[in-house]
Every structure is written in structure tokens, then in C-alpha cells.
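Worksheet: one structure, shown below.
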Amino acid sequence: MKEKNLKALDLPELEARVSSWGEPAYRAQQIFRWIWKRGETDISRFTDLPRHFRERLIQEGYHVSSLALIEALHSRDGTVKFLFRTASGHEVETVWIPDGHRRTVCVSSQVGCALKCRFCATGLLGFRANLPAHEIVDQVLQASLYMKERATNVVLMGMGEPLLNWEAVRTAMIMMNRDLGLALGARRITLSTVGIPDRVRAFASLNKQFRLAWSLHAAIQEKREKLIPLARTYPLPELLEAFWTYYKAHRRWVTLEYLHLPGFNDRREDVEALRRLVRKLPSKVNVIPFNPSPGLPFRAPEASETLAFVERLRKVLPHPVTYRVPRGRDVFGACGQLALQRPGGSDAH
Ligand code: SF4
């Protein structure tokens, strides 16, 4: 059956559909602009389309979907965590992170996650569903409409492993990048993955300057396997090779995300292993203090502990080391905390 939700059609599909009706191709651009630039969902208000064309669309059952906002939780630090309901009835979380001139939206690519990383609350949910491309992009649009501000950056770091929903994620990134829509520059869109070699290579082969982050968290294979079950399938040397293809294709550094788990991955041997790995892959290290969540077996480091660890890394690593200040912890909106939880302990279900 033909897709009747205009939001689910990327520009080339809209163009094909429009030309099959004998309408000029620019009608597709007009529709795309109404949906993604202006956030309009009522086809009768697409006022630069001829009336007969709008009526035809409505008569034939065309419509424009929208994620339904269930709630927006405001953190004391300005971060906002959104809970949306998808068309298929699932709940999904999105985080708005203001920082100086930046307005970053952390979007989910799946509902829940199958990978069950031991430091991540999303993994405790298990896998529930893949999100279609337009519902990944719509998180950015709906968050921006609610905040009455444009998003400047997008990170695919919310619920789910983006490379396990690759087709939809690829389309979503391309849609976000379109000038007629959200017009987010490719360099302002970052995909974060634990690493699936053939998909990392597929990402590297895109003819766009999207950024890539690797959720590394341990540079010693045995330790990484304890944190990320999928690491048993894809050992570090194989992953290094895949991430290298990204560097080779784009001459852009990979960001290595390194969760600080005090006493587990901050020992001398960990620093040494990280130093060896960084020498093989042009990359910067971003240290993230572990964010606590019910049911996870690690303790959150004191800020002073993480800063001391960052200083140790800076002394030995040849490339930059940054420290990510935790944001939105009080609304369970920080990294690794997205599990449909609400402050006060109630679950979204
Ligand atoms: S860290 Fe990412 S891949 Fe691992 S369980 Fe959480 S959402 Fe899934």
C-alpha cells in the first residue's frame, strides 16, 4: 500500500510521487518545506499549493503525522528531556541540551536497545522497536517547536544503537541535512556507536561530512567485553580497522567516548591501552563521568576523581582529551540514563 503520511517521504520520494500526479517537481519542495521548515501538519494550510491540489491530497487520505508530546521535564541546568509517543504507540525519549550558542538535540534511533551494555539504563529495557526515519527527524523538529528555538546540533546518542537501524538512520541524517528542512550542517550531526564494522564502513562511505563517535569505554578487550556484550563479536583490532576507513575517507578525527567508571577503567593499564589505541587512530578522547541509574552496578565518580583522570590522560595522550560535564541528571536525561524513568522513581509504564 502507498505511504499516505507525507512526513514519511523524503524529498526524492515526494518528487516521484508528485510527478506521478502530473504536478511540477517543485510542489514536492513546497510540501517538504511546509513540513520540516515550518512544522505544519495541516495540509489545508499549505497555502502556496493550489487549492485543487491540497483538496486532492486530503481526499486521497494524505496526512502529516507528528510525534505526540507526553511530557517535557526541565532540568535545573536548562536541559529538557522530552517523552514522545510514536505512531505505533511506543514511548521514546529525546534530550535538548543548551550550551552557550549551541542547542544540541540528543535523539533516539530505537525504542529500548538489544545490546544491554552494563553501564546503560536503556539496555535494561531490552529492544522494543526500530524508529522510522521521519520519527528520528521529528524528535528534532518537535523539540525545536516546543523550545521556540532552532536546533544547531544533533547527536544520535539517545536510546538505541543507531547502526542496528542503519537504513532509517541514514535517511534521517540526510533528511536533517536538507536545506529545505531543518538545514543542519552535516558536521553538526554526530552518530555514536559501540561499533559494528560493516556498518561503520557504510557510514564512512557516505558522501557527507557527518561526524562519528565511538563508544569505546575500555581499550582492553577483556574489560570492554565486560561492559559491552557485543564487543565479544567484534574485537578491537577489527573495529579499529573499520573506524580507520572513516578517517581515511573524510580526514576527520573520530571521537572516542570514554565513560569514567572509577576503579574499573581508570587504572594504569587502562591508560596505557588507550594510549596505544589512540596512536593507531587519529581521534580525540571525550571522558564522560558515569551517570548513576537504578539497576546499574557502578558508582558515579566525584567530579574531582574524573578531572584527575582527565589530567592523567592529558599527560600521556598525543591528542586532545575533553571532559563532558553531566547534564540533565536530575531528570534522568544524562548519558546512559534514558530508560523512560521519571524523577521520584516512577517508570513511564
Ligand atoms: S549504550 Fe547504546 S548500545 Fe549500549 S545498551 Fe545503551 S543504548 Fe544500547
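Can you say whether Ile31 is outside the structural domain of Glu135 (by TED's automatic domain parsing), touching a strand residue (DSSP E or B) at 6+ places or on another chain (Cβ under 8 Å) and touching a residue at least 24 places away in the same chain (Cβ under 8 Å), as far as the supplied structure shows?
no
Checking the condition buried (at least 17 other Cβ atoms within 10 Å of the Cβ) and either touching a strand residue (DSSP E or B) at 6+ places or on another chain (Cβ under 8 Å) or under 26 Å from Arg33 (Cα atoms) (or both), which residue from Leu145, Leu67 passes?
On the way: Leu145 fails: buried (at least 17 other Cβ atoms within 10 Å of the Cβ).
Matching residue, one of Leu145, Leu67: Leu67.
I need the full set of residues from region 187-203 which are in contact with a strand residue (DSSP E or B) (Cβ under 8 Å, 6 or more places away or on another chain) and either more than 16 Å from the ligand (Cβ to nearest atom) or farther than 21 Å from Leu216 by Cβ (or both), in order please.
Quick first cut of region 187-203, residues in contact with a strand residue (DSSP E or B) (Cβ under 8 Å, 6 or more places away or on another chain) only: 187-195, 199-200, 203.
Within region 187-203, Arg187, Arg188, Ile189 qualify.
Can you confirm whether region 148-163 contains a residue that is under 17 Å from Leu67 (Cα atoms), away from the ligand (no atom under 16 Å from the Cβ), modelled with pLDDT of 95 or more and not aliphatic (A, V, I, L, M)?
Yes; the residues of region 148-163 include at least one that is under 17 Å from Leu67 (Cα atoms), away from the ligand (no atom under 16 Å from the Cβ), modelled with pLDDT of 95 or more and not aliphatic (A, V, I, L, M).
Could you tell me whether region 133-146 includes any residue that is within 16 Å of the ligand (Cβ to nearest atom) and without any contact (Cβ under 8 Å) to a residue 60 or more places away in the chain? Spell out how you get there, then give the answer.
Taking region 133-146 first, the residues within 16 Å of the ligand (Cβ to nearest atom) are 136, 139.
Cutting the leftovers down to without any contact (Cβ under 8 Å) to a residue 60 or more places away in the chain gives us 136.
Yes, region 133-146 contains a residue that is within 16 Å of the ligand (Cβ to nearest atom) and without any contact (Cβ under 8 Å) to a residue 60 or more places away in the chain.
Restricting region 148-172 to residues that are surrounded by fewer than 24 Cβ atoms within 10 Å (Cβ to Cβ) and under 21 Å from Gln29 (Cβ atoms), which is nearest to the chain's Cα centre (by Cα)? Don't jump to the end; show me each part of the working.
Start the filter on region 148-172 by keeping residues that are surrounded by fewer than 24 Cβ atoms within 10 Å (Cβ to Cβ), which leaves 148-153, 155, 157, 163-168, 170-171.
Subset that is under 21 Å from Gln29 (Cβ atoms): 150, 171.
Details: Arg150: 17, Thr171: 13 Å.
Among those that are surrounded by fewer than 24 Cβ atoms within 10 Å (Cβ to Cβ) and under 21 Å from Gln29 (Cβ atoms), it is Thr171.
Of all residues in region 199-242, count the ones that are among the β-branched types (Val, Ile, Thr), touching a residue at least 12 places away in the same chain (Cβ under 8 Å) and surrounded by fewer than 21 Cβ atoms within 10 Å (Cβ to Cβ).
From region 199-242, those among the β-branched types (Val, Ile, Thr) are 200, 220, 228, 233; that's our starting set.
Those still in the list that are touching a residue at least 12 places away in the same chain (Cβ under 8 Å) too: 200, 220, 228.
Adding the requirement that they be surrounded by fewer than 21 Cβ atoms within 10 Å (Cβ to Cβ) leaves 220.
Going through region 199-242 one residue at a time, the tally reaches 1.
If I filter region 280-322 down to residues being of a type in the set (S, T, N, Q) and in a loop (DSSP other than H, G, I, E, B), which single residue comes out as nearest to the chain's Cα centre (by Cα)? Even if it seems obvious, please write down each step before you answer.
Within region 280-322, the subset of a type in the set (S, T, N, Q) is 283, 286, 291, 293, 304, 306, 322.
This time we only want the ones that are in a loop (DSSP other than H, G, I, E, B), so: 291, 293.
Details: Asn291: 18, Ser293: 20 Å.
Among those residues, the one meeting the criterion is Asn291.
Would you pick out the residues in region 1-50 that are acidic (Asp, Glu) and modelled with pLDDT under 95? I'd like the intermediate steps shown before the answer.
Residues of region 1-50 acidic (Asp, Glu): 3, 10, 13, 15, 23, 40, 42, 48.
Matches in region 1-50: Glu3, Glu23.
For Trp36, all conditions in the list (1) touching a Gly at 6+ places or on another chain (Cβ under 9 Å); (2) assigned by TED's automatic domain parsing to the domain that holds Gly112 hold save one; what is the number of the exception?
Checking Trp36 against (1) touching a Gly at 6+ places or on another chain (Cβ under 9 Å); (2) assigned by TED's automatic domain parsing to the domain that holds Gly112, the one that fails is (2).
Among the residues of region 104-130, write down those that are in a helix (DSSP H, G or I) and in contact (Cβ under 8 Å) with a residue 12 or more places away in the chain. Working first, answer last.
Pass one, region 104-130, residues in a helix (DSSP H, G or I): 121-125.
Ala121, Thr122, Leu124, Leu125 - these are the residues of region 104-130 that are in a helix (DSSP H, G or I) and in contact (Cβ under 8 Å) with a residue 12 or more places away in the chain.
Here is a yes/no grid of residues against (1) of a type outside the set (Asp, Glu); (2) more than 16 Å from the ligand (Cβ to nearest atom):
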position: Ala249; (1), (2): yes, yes
position: Val285; (1), (2): yes, yes
position: Ile288; (1), (2): yes, no
position: Asn291; (1), (2): yes, no
position: Glu305; (1), (2): no, yes
position: Lys315; (1), (2): yes, yes
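Mind checking which residues of region 52-98 are farther than 23 Å from Gln341 by Cβ and out of contact with any helix residue (DSSP H, G or I) (no Cβ under 9 Å at 6 or more places or on another chain)?
Applying the first criterion (farther than 23 Å from Gln341 by Cβ) to region 52-98 yields 52-66, 87.
Passing the criteria: His52, Arg56, Gln59, Glu60, Gly61.
Go through region 173-218 residue by residue and tally those that are assigned to a helix (DSSP H, G or I) and among the acidic types (Asp, Glu). Quick ask: steps written out before the conclusion?
As a first pass, look at region 173-218 and keep what is assigned to a helix (DSSP H, G or I): 173-177, 186-188, 197-204.
Remaining after also requiring among the acidic types (Asp, Glu): 198.
Residues flagged as assigned to a helix (DSSP H, G or I) and among the acidic types (Asp, Glu) within region 173-218 amount to 1.
Identify the single condition in (1) surrounded by 14 or more Cβ atoms within 10 Å (Cβ to Cβ); (2) within 16 Å of the ligand (Cβ to nearest atom) that Pro297 does not satisfy, given that it satisfies every other one.
Result: Pro297 fails condition (1) only.
Kindly provide the set of residues from region 102-118 that are surrounded by 24 or more Cβ atoms within 10 Å (Cβ to Cβ) and within 7 Å of the ligand (Cβ to nearest atom), ordered by number.
Cys113
From the set of residues in region 75-101 that are polar (S, T, N, Q) and more than 23 Å from Arg324 (Cβ to Cβ), which is nearest to the ligand (Cβ to nearest atom)?
Within region 75-101, the subset polar (S, T, N, Q) is 75, 79, 86, 88, 94.
Those left that are additionally more than 23 Å from Arg324 (Cβ to Cβ): 86, 88.
On the way: Thr86: 17, Ser88: 19 Å.
The selected residue is Thr86.
Of all residues in region 262-279, how many are more than 22 Å from Glu241 (Cα to Cα), in a helix (DSSP H, G or I) and free of Cβ contacts under 8 Å to residues at least 40 places away in the same chain? I'd like the intermediate steps shown before the answer.
Within region 262-279, the first condition is being more than 22 Å from Glu241 (Cα to Cα), and the residues that meet it are 262-269.
After this cut, where a residue has to be in a helix (DSSP H, G or I) as well, the list is 268-269.
Next cut, free of Cβ contacts under 8 Å to residues at least 40 places away in the same chain only: 268.
Number satisfying all stated conditions: 1.
The values are calculated or read from the model by the stated rules, or taken from the named source; none is laboratory data. Being a predicted model, the structure only gives us computed values, none of them experimental. Note that each Cβ is placed from the backbone with ideal geometry, even for glycine, and that neighbours are counted across all protein chains shown.
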